[in-house]
Amino acid sequence: MPIAVQSARHLRTSLARVIAVVRPGAHDTARALAAEGCEVVPCRDAEQGMGASLACGVRAAGEVGGYVIALGDMPFVRPSSIAAVCDALAAGAPLVAPYFRARRGHPVGIAGRYRAELEVLGGDQGARTLLERHAAELVKIPCGDPGVIRDIDAPSDLAPPLAV
């Protein structure tokens, strides 16, 4: 099972609509995500970086009240953390992010009013520049979920975290 499937399962607990942006040719992953109820959108510009993939997903979502931006390589994010981001967006937060031990994590919530800025993103920074530009509007949600900062970049990242 692709790691992105577990990430999608957690997102589906809080979101009625999950759009999964995939690289062209990622047929097995696309099928697995579709089987989980995700709308799968191939992004022909994915090689340009996370920003291009994010822009592709926002264009696919269209005009909505807010976007919950999550990463497919973060399967350890607890559903309660996702729900907290969704709740803050629904309550009117313009930008929202969970924080674990003073580190910003994912998913990030972005109000629909930022759609135009999201649709023109490129490069590998994702929405980081948007969040920095509007830092005064960011609602920080402290959480006890280390999954909001834990991604899987290599097989060794799947090992249980060390106790400190």
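The values are calculated or read from the model by the stated rules, or taken from the named source; none is laboratory data. Predicted, not measured: the structure shown is a model, and the values here were computed from it. Because the Cβ atoms are built from the backbone with ideal geometry, glycine has one as well, and the counts that use them run over all protein chains shown. Just so you know, the surface numbers come from the protein's heavy atoms only, side chains and all, with ligands and any DNA or RNA stripped out. Shrake-Rupley method; radii C 1.70, N 1.55, O 1.52, S 1.80 Å.
Show me, bin by bin at 10 Å from 0, the whole-percent P(r) of the chain based on Cα pairs.
11, 40, 39, 9, 0
Could you derive backbone 3J(HN,Hα) for segment 62-74 from the dihedral phi with the Karplus parameters 6.51, -1.76 and 1.60 (θ = phi - 60°), listing whole Hz in sequence and x where the residue is Gly or Pro?
Rounded to whole hertz, the list is x, 7, 9, x, x, 10, 9, 9, 10, 10, x, 9, 10.
Past the 16 angstrom mark, what percentage of all C-alpha to C-alpha distances in segment 23-113 do you count?
Details: 2501 of 4095 pairs.
The calculated P(r) of segment 23-113 puts 61 percent of pairs beyond 16 Å.
How much length, in nm to one decimal, is gained on full extension between His134 and Val64, taken as 0.36 nm per residue of separation minus their Cα-Cα distance? Numbers along the way, then the final one.
On the way: separation 70, 0.36 × 70 = 25.20 nm, distance 1.95 nm.
The His134-Val64 span can extend by a further 23.3 nm.
How much of the accessible area of the chain, probe 1.4 Å, is carbon plus sulfur, in whole percent?
Numbers: 4780 of 8710 Å².
Reported share for carbon and sulfur atoms: 55 percent.
Can you work out D for segment 80-121 in µm² s⁻¹ from Stokes-Einstein, where Rh is the Kirkwood radius over C-alpha pairs, the temperature is 10 °C and the viscosity is 1.306 mPa s? Before the final figure, lay out the partial values.
On the way: Rh = 10.9 Å.
Value of D from the Cα-based Kirkwood radius: 146 µm²/s.
Accessible area per residue of segment 10-73 at 1.4 Å probe, in Å²? Write down the numbers at each step before the final one.
Values: 3330 Å² over 64 residues.
Averaged over the residues of segment 10-73, the accessible area is 52 Å².
List the chymotrypsin sites (Phe, Trp or Tyr not before Pro) within segment 80-126 that DSSP assigns to loop and that have no more than 11 neighbouring Cβ atoms inside 10 Å. Don't skip to the end; give the middle numbers.
Details: sites: Tyr99, Phe100, Tyr114; in loops: none.
The qualifying sites: there are none.
How large is ³J(HN,Hα) for each residue in segment 10-22, as worked out from phi by the Karplus curve 6.51 cos²θ - 1.76 cosθ + 1.60 (θ = phi - 60°), to whole Hz, x for Gly and Pro?
Ordered by residue, 3J(HN,Hα) equals 5, 4, 5, 5, 10, 10, 6, 10, 10, 9, 9, 8, 10 Hz.
Could you work out which residue, out of Arg133, Arg101, Arg23, moves most in a Gaussian network model of the chain, that is, has the largest mean-square fluctuation with Cα springs under 10 Å?
Comparing Arg133, Arg101, Arg23 in the GNM, the peak value goes to Arg133.
With labels modelled as points extended 7 Å from the Cα through the Cβ direction, what inter-label distance (nm, one decimal) is found for Arg113 paired with Asp73?
Distance between the two pseudo-spin positions: 3.4 nm.
Give the calculated FRET efficiency between Glu47 and Ala91 to the nearest 0.05, with a Förster radius of 45 Å applied to their Cβ-Cβ distance. Each step should come with its number before you reach the end.
Numbers: r = 37 Å, r/R0 = 0.82.
Calculated transfer efficiency: 0.75.
For the chain, just give the cysteines left without a disulfide-compatible partner, judged by no other Cys Cβ under 4.7 Å.
Cysteines lacking a close Cβ partner in the chain: Cys38, Cys86, Cys143.
In a Gaussian network model over the chain where Cα atoms closer than 10 Å are linked, find which of Gly51, Gly126, Gly92 has the largest mean-square fluctuation.
Of Gly51, Gly126, Gly92, the Gaussian network model singles out Gly92 as fluctuating most.
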